[in-house]
Each structure stands twice: as structure tokens, then as C-alpha cells.
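The values are calculated or read from the model by the stated rules, or taken from the named source; none is laboratory data. Please read these numbers as outputs of a predicted model, since none were measured by experiment. Cβ placement follows ideal geometry from the backbone for every residue including glycine, while neighbour counts extend to all protein chains displayed.
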Amino acid sequence: MKDLFGLKGEVSVVTGALGKLGPIWIETLLETGAPVFALDHPKARISEDFKKLQTQYDKSSLLLAFADVRERQALEAAYQQCRDTFGVPSVLVNNAGIDQPPGQLDKGYLLEDIPFLENREVFEVNTLGLFLVTQVFGSQMVKAGRGSIINIGSLYASVSPDSRFYDHIASDPPFLKPPAYGASKAAVVNLTKYLATLWAPHGVRVNALSPGGVLGTQDDEFKSKFCERVPLGRMAEASDLRGPLLFLASQASSYVTGVELVVDGGFTAW
Ligand SMILES: NC(=O)c1ccc[n+]([C@@H]2O[C@H](COP(=O)([O-])OP(=O)(O)OC[C@H]3O[C@@H](n4cnc5c(N)ncnc54)[C@H](O)[C@@H]3O)[C@@H](O)[C@H]2O)c1
């Protein structure tokens, strides 16, 4: 079983490395023996969770580099650095993404007032940026004839956010979850199927992993409303995400490609 789930020596790339979920994916990969090339935006700050990993793993197994996922030249330079340091990657976790949780806005929006540029940025990072990273890193995996690409989606790729989760937030107009977020993630799921079929003959599998709401700094009322809506009765924790990632990254899923693995505690079953 160790061989089935092990990733010893499998060079792995994780985008959005410095956010909330990045360190969870990275720690999982490192623990199973994969060297990790971690990528984030040049302006991103090194998080405490990531610093902790840097104290546990030295540069021979964990390297941090910076590139905006929307900039091809920067991604190509990052690819060279990854190849020169660790070799051609065989695992790519496309995790970088943007959302707009409550609290990041001074006030809500009316749908008709959402600025075009804000919508565009969500698609640029979540969908087009993911595509660009895949063009640069994934195409090299194709040349090498092996690999597993995991695109991080969301439960909002399949369902619309429930506005009642946010109706306790004092805001006029009311808080509005950005419509572009779910749409950009639905596009990621479709892109996953496209790439899976295109690259299957070249030995590269492409799947999506769509987490439900992950426990974090959400307010208590949100958490309570959200958990009530989840058949398993709680939000996802880091430990819920590790197994699904490992499954998709490793040979345990050798006959799985083009699927969306939804890890949402049953949220979308109702
Ligand atoms: N946290 C959740 O509850 C949850 C649930 C479902 C899906 N997701 C998805 O999981 C992924 C990670 O989420 P998270 O909660 O860690 O988010 P986060 O905001 O904590 O981290 C996202 C990371 O992406 C990086 N990033 C943003 N724009 C970038 C760009 N242009 N170029 C390079 N890097 C960029 C940020 O710097 C950040 O480090 C996202 O794709 C998100 O949509 C998260």
C-alpha cells in the first residue's frame, strides 16, 4: 500500500503555496517523499504555516519561488528553476485562486454594480491563470510522458452559494458572494475534462478536487448555518483534504482521469 500512495522522488509543483490550503497540500506531498516546488504571487507574504514547513524541510525538498499565474514569462522562468533544482515535475497542484469572503469588503454590492474588472480578475486568476500554469508546466509533463495534474475547484463549481449564510452580516446592499467565483470554478472542472482527454494518450492524468467550506476564521453564525447544511455536520478540516489529494496525485488513482472529486461532507448530495 505504501507504494500505491507513496510519492517518493515525484517532483511536485503547488501554486498558491502561501495561502490557507497551500501548506496542507505541500505538507501532504512532502510527508510522502515528494520534493515540492512551491509557487506564489510575488506580493504574497510568507505565512506562518509555510514558515513552519520551511523549518521542517530544507531547500533540498522544499523550494519557494514567485510568479503571477497570469504571467507566462515569469512562469517559464519558474519552470526552468524547478527543472534545474528538482527535475521535470510529475505532480502539479493548481491551487492558486481568489475569492471574496465576507469581511474583505467595506460594503456589499448590487449585482448590477459589480465592476467588470473585478469579475475579470476572478476569471483571470482562477481559470485563465490555471490554464497558463498548465500550458507551461503541464506540457513538460506531457513531453516526459507521465504525471498527475490536480485542479483545485470548489463546491461552488456545482451549486450556487446560499445567500442565507450571509444574511446576518450588517451591510447595505447585502453581502454578495462574487458570481464570478463559482463560474470560474465550473470552468476549471470543464477544462479538467478537456485536458484529461487530450493528455490521456501521453500518460498525464488530469482531475479536479473540489473542497467544500474549509474551517477557518469565518464568524460563528456563518459556521453554524453552514454546518447545519452539511450532511456530515461540520466544515472541512486539513485532515479531510490530505487523503483525497494523495489519492489523485499517486498511483492509487492510476485509472482515474477527468473526474471532479468533491470533498464537501455531502453538501451537494442534498
Ligand atoms: N478555503 C476554502 O474554504 C476553499 C474551499 C473550496 C475551494 N477553495 C479553493 O482552494 C484554493 C486555495 O484556497 P485558499 O483558501 O488557500 O485561498 P487563499 O486566499 O488563502 O490562498 C490563495 C493563494 O493564491 C495566491 N494567488 C492569488 N492570486 C495569485 C496570482 N495571480 N498568482 C499567483 N498566486 C496567486 C495567493 O497569494 C494565496 O497565497 C483556491 O483555488 C480556492 O478557490 C478553497
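Among residues of region 174-202 that are closer than 29 Å to Gln218 by Cα, those with a Cβ under 7 angstrom from a residue that is surrounded by fewer than 17 Cβ atoms within 10 Å (Cβ to Cβ) and hydroxyl-bearing (Ser, Thr, Tyr), sequence gap 6+ or separate chain, pair up as Gly182/Ser160.
One residue stands out in region 136-153 among those that are assigned to a strand (DSSP E or B) and among the small types (Gly, Ala, Ser): the one that is farthest from the ligand (Cβ to nearest atom), namely Gly147. Taking the criterion of being modelled with pLDDT of 95 or more and either under 14 Å from the mean Cα position of the chain (by Cα) or of a type in the set (Ser, Thr, Tyr) (or both), the residues of region 169-186 that qualify are Tyr181, Gly182, Ser184, Lys185, Ala186.
The single condition from (1) near the ligand (Cβ under 8 Å from one of its atoms); (2) out of contact with any helix residue (DSSP H, G or I) (no Cβ under 9 Å at 6 or more places or on another chain) that Asp40 fails is (2). When the residues of region 53-70 are filtered to those that are farther than 11 Å from Thr85 by Cα and hydrophobic (A, V, I, L, M, F, W, C), the one that is nearest to the ligand (Cβ to nearest atom) is Val69.
Can you go through Val262, Val206, Val256 and tell me which one is surrounded by fewer than 21 Cβ atoms within 10 Å (Cβ to Cβ), at pLDDT 95 or above and not in a helix (DSSP H, G or I)? Working first, answer last.
Values: Val262 fails: surrounded by fewer than 21 Cβ atoms within 10 Å (Cβ to Cβ); Val206 fails: surrounded by fewer than 21 Cβ atoms within 10 Å (Cβ to Cβ).
On inspection, the qualifying residue turns out to be Val256.
Going through (1) within 19 Å of Ser12 (Cβ to Cβ); (2) out of contact with any Phe, Trp or Tyr (no Cβ under 8 Å at 6 or more places or on another chain); (3) surrounded by fewer than 23 Cβ atoms within 10 Å (Cβ to Cβ) one by one, Phe86 falls short only on (2). Of the candidates Gly19, Gly9, the single residue that is surrounded by fewer than 24 Cβ atoms within 10 Å (Cβ to Cβ), out of contact with any helix residue (DSSP H, G or I) (no Cβ under 7 Å at 6 or more places or on another chain), at pLDDT 95 or above and farther than 20 Å from Val204 by Cα is Gly19.
Per-residue answers, yes or no, for (1) assigned to a helix (DSSP H, G or I); (2) touching a Gly at 6+ places or on another chain (Cβ under 9 Å); (3) within 22 Å of Arg70 (Cβ to Cβ):
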{"residue": "Leu7", "(1), (2), (3)": "no, yes, no"}
{"residue": "Leu18", "(1), (2), (3)": "no, no, yes"}
{"residue": "Leu29", "(1), (2), (3)": "yes, no, no"}
{"residue": "Gly33", "(1), (2), (3)": "no, yes, no"}
{"residue": "Ile46", "(1), (2), (3)": "no, no, yes"}
{"residue": "Asp49", "(1), (2), (3)": "yes, yes, no"}
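The set of residues in region 14-26 that are more than 8 Å from the ligand (Cβ to nearest atom) and free of Cβ contacts under 8 Å to residues at least 60 places away in the same chain comprises Pro23, Ile26. Would you mind stating whether Arg205 is over 18 Å from the mean Cα position of the chain (by Cα) and without any contact (Cβ under 8 Å) to a residue 60 or more places away in the chain? Answer is no for this residue. For Ala78, indicate whether it is within 14 Å of the ligand (Cβ to nearest atom), over 16 Å from the mean Cα position of the chain (by Cα), at pLDDT 95 or above and buried (at least 16 other Cβ atoms within 10 Å of the Cβ). Against the criterion (within 14 Å of the ligand (Cβ to nearest atom), over 16 Å from the mean Cα position of the chain (by Cα), at pLDDT 95 or above and buried (at least 16 other Cβ atoms within 10 Å of the Cβ)), Ala78 qualifies. In region 38-49, the residues that are in contact (Cβ under 8 Å) with a residue 40 or more places away in the chain reach residues that are part of a loop (DSSP other than H, G, I, E, B) with C-beta atoms within less than 7 angstrom, at least six apart or across chains, in these pairs: Leu39/Ala17; Leu39/Ala67; Asp40/Gly16; Asp40/Ala17; Asp40/Leu18; His41/Asp68. When Gly97 is tested against (1) farther than 18 Å from Val214 by Cβ; (2) modelled with pLDDT of 90 or more; (3) part of a loop (DSSP other than H, G, I, E, B), exactly one condition is not met: (1). Taking residues in region 109-131 that are in a helix (DSSP H, G or I), and partners anywhere that are at pLDDT below 95 and within 13 Å of the ligand (Cβ to nearest atom), the pairs with Cβ atoms closer than 9 Å and at least 6 places apart or on different chains are Glu118/Gln100; Glu118/Pro178; Asn119/Pro178; Val122/Asp99; Val122/Gln100; Val122/Pro178; Asn126/Asp99.
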